Amino acid sequence: MNENVHVAIRGAEASDRRSVEGIVGTYFLDIDDVPMEDFIVAEMDGKIVGVAAVSEKECCEVHSIAVHPTYRGLGIGSKMISRLIEDVSHERLYVRTTSPIFFKKMGFVELPMSEKASLWQDCRECDRYDNCKQYVLCMVLNEV
């Protein structure tokens with residue numbers, strides 16, 4: 001992580017929608033029905049360079065995280081995950097991802113693939129479930 005990079009992490013505003021959609025779209029991710037106010041943005045020199053959101057629809061999960069390709073490798077994604085963790089009040093935070101190494105570095109633990117079906121309806125109904133490339137990981141935040 002590059003500590004010399006100044007990045008401001010803040011809640012997304014309605015006026016950020018175009019930037020959020022642009023960065024998320026770079027990685028062929030969807031915003032789905034996650035409200036803009038559930039997103040956070042990473043800003044450098046007045047430019048949005050990263051976005052992330054937590055969804056609590058079926059379980060508390062990192063729904064989206066994306067950093068503009070020019071700004072990858074500067075620790076922006078890690079800073080956004082840290083901010084999301086601070087804001088979450090649930091016992092566990094889950095993620096479905098094709099980039100498990102990043103999340104493992106942040107302290108997430110890989111779960112058996114069978115956990116997806118118990119957590120997400122779209123996984124239960126997916127015709128590609130048996131060949132899915134997404135890993136499921138979890139971070140325990142607050143032990144009960």
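Every read-out reported here was derived from the displayed coordinates using simple, explicitly stated rules and does not represent laboratory data. As the structure is a prediction and not an experimental result, all values here were calculated from the model. As a convention, Cβ positions derive from the backbone with ideal geometry for all residues, glycine included, and neighbour counts pool all protein chains shown.
Going by neighbour counts of Cβ atoms within 10 Å, the residues LEU141, LEU93, LEU74 line up, fewest first, as LEU141, LEU74, LEU93. Dipole of the chain computed with +1 at Lys/Arg Cβ and -1 at Asp/Glu Cβ about the Cα centre; of VAL51, THR70, PHE108, farthest Cα towards the positive end is THR70.
Rounded to the nearest 500, the helix-only mean residue ellipticity at 222 nm of the chain stands at -6500 deg cm²/dmol, with each DSSP H run of n ≥ 4 adding -39,500 (n - 2.57). Rounded to the nearest 20, the size of the Cβ-charge dipole of the chain about its Cα centre is 560 debye, with Lys and Arg at +1 and Asp and Glu at -1.
Checking every one of the trypsin sites (Lys or Arg not before Pro) in region 23-77 against DSSP loop status and a limit of 14 other Cβ atoms within 10 Å picks out LYS57, ARG72. Per the Debye calculation on the chain with a single equal scatterer at every Cα and no solvent contribution, log₁₀ I(q)/I(0) for q = 0.16, 0.18 Å⁻¹ amounts to -0.86, -1.09. To the nearest 10 degrees, how steep is helix 17-26 against the longest Cα principal axis of the chain, on a 0 to 90 scale? Long axis of 17-26 versus the principal axis of the chain: about 60 degrees. For VAL136, the shell of other residues with beta-carbons less than 11 Å away shows a net charge of -1, using +1 for Lys and Arg and -1 for Asp and Glu. Across the chain, the relative contact order, built from alpha-carbon pairs under 8 Å that are at least six residues apart, equals 21 percent.
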